[in-house]
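S.K.: Before we start, here is the structure in question, set down as structure tokens.
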Amino acid sequence: MPTYLYQVVTDDGAEGEIFEVVQPMSEAALTKHPETGAPVVRIPSLPNIAGKWSDMKSKSQLSNKNLDRLGFTKYERAGDGNYEKKAGGGPNVISAD
């Protein structure tokens, strides 16, 4: 089921609380906050689809485990000019010295 964003409508025009609600697409949009009863409007937002070019897919492709499996070496900065190996072959630490 999709997750929808809603915002509370305030009397003075200030931005109200924003909250998420998981509900079926067939269900009508909320008009009142489920807990307080304050008036709300649905905020248009993009769906998060895990496709070939999505953020979720690219993060999994760049994971340490996947990089290691594909034969790449990944180093991350450890501070003071040192880099620690997180995936792949090679030395465990690279130092700027």
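S.K.: Determine whether segment 2-10 contains at least one residue that is at negative phi and surrounded by fewer than 11 Cβ atoms within 10 Å (Cβ to Cβ).
M.R.: So in segment 2-10, the residues at negative phi come out as 2-10.
Then keep just the ones that are surrounded by fewer than 11 Cβ atoms within 10 Å (Cβ to Cβ); that gives none.
No; the residues of segment 2-10 include none that is at negative phi and surrounded by fewer than 11 Cβ atoms within 10 Å (Cβ to Cβ).
S.K.: Same structure again: Go through (1) more than 23 Å from the chain's Cα centre (by Cα); (2) surrounded by fewer than 11 Cβ atoms within 10 Å (Cβ to Cβ); (3) part of a helix (DSSP H, G or I) for Lys65 and report which single condition fails.
M.R.: Unmet condition: (1).
S.K.: What about Glu15, is it modelled with pLDDT of 85 or more and surrounded by 10 or more Cβ atoms within 10 Å (Cβ to Cβ)? Steps first, answer last, please.
M.R.: Working: modelled with pLDDT of 85 or more: yes; surrounded by 10 or more Cβ atoms within 10 Å (Cβ to Cβ): no.
For Glu15, the condition - modelled with pLDDT of 85 or more and surrounded by 10 or more Cβ atoms within 10 Å (Cβ to Cβ) - is not met.
S.K.: Follow-up question, since we're still on this one. Among the numbered criteria (1) at pLDDT 90 or above; (2) surrounded by 11 or more Cβ atoms within 10 Å (Cβ to Cβ), which one does Gly37 miss?
M.R.: Condition (2) is where Gly37 drops out.
S.K.: So is Pro24 exposed (fewer than 10 other Cβ atoms within 10 Å of the Cβ) and not in a strand (DSSP E or B) or not? Give the steps one after another, and end with the answer.
M.R.: On the way: exposed (fewer than 10 other Cβ atoms within 10 Å of the Cβ): yes; not in a strand (DSSP E or B): yes.
Answer is yes for this residue.
S.K.: Based on what the data block shows, is Lys52 under 25 Å from the mean Cα position of the chain (by Cα), loosely packed, with under 12 Cβ neighbours inside 10 Å, over 28 Å from Val8 (Cβ atoms) and modelled with pLDDT under 85?
M.R.: Details: under 25 Å from the mean Cα position of the chain (by Cα): yes; loosely packed, with under 12 Cβ neighbours inside 10 Å: yes; over 28 Å from Val8 (Cβ atoms): yes; modelled with pLDDT under 85: yes.
For Lys52, the condition - under 25 Å from the mean Cα position of the chain (by Cα), loosely packed, with under 12 Cβ neighbours inside 10 Å, over 28 Å from Val8 (Cβ atoms) and modelled with pLDDT under 85 - is met.
S.K.: Being outside any loop (DSSP other than H, G, I, E, B) and either under 11 Å from Ile43 (Cα atoms) or acidic (Asp, Glu) (or both) is the filter here; which residues of segment 4-21 pass it?
M.R.: Let us first name the residues in segment 4-21 that are outside any loop (DSSP other than H, G, I, E, B), namely 4-9, 15-21.
Result: Tyr4, Leu5, Tyr6, Gln7, Val8, Glu15, Glu17, Ile18, Phe19, Glu20.
The values are calculated or read from the model by the stated rules, or taken from the named source; none is laboratory data. Remember, predicted model here, so these are calculated numbers, not experimental data. FYI the Cβ positions are ideal-geometry reconstructions off the backbone, even for glycines, and counts take in every protein chain you see.
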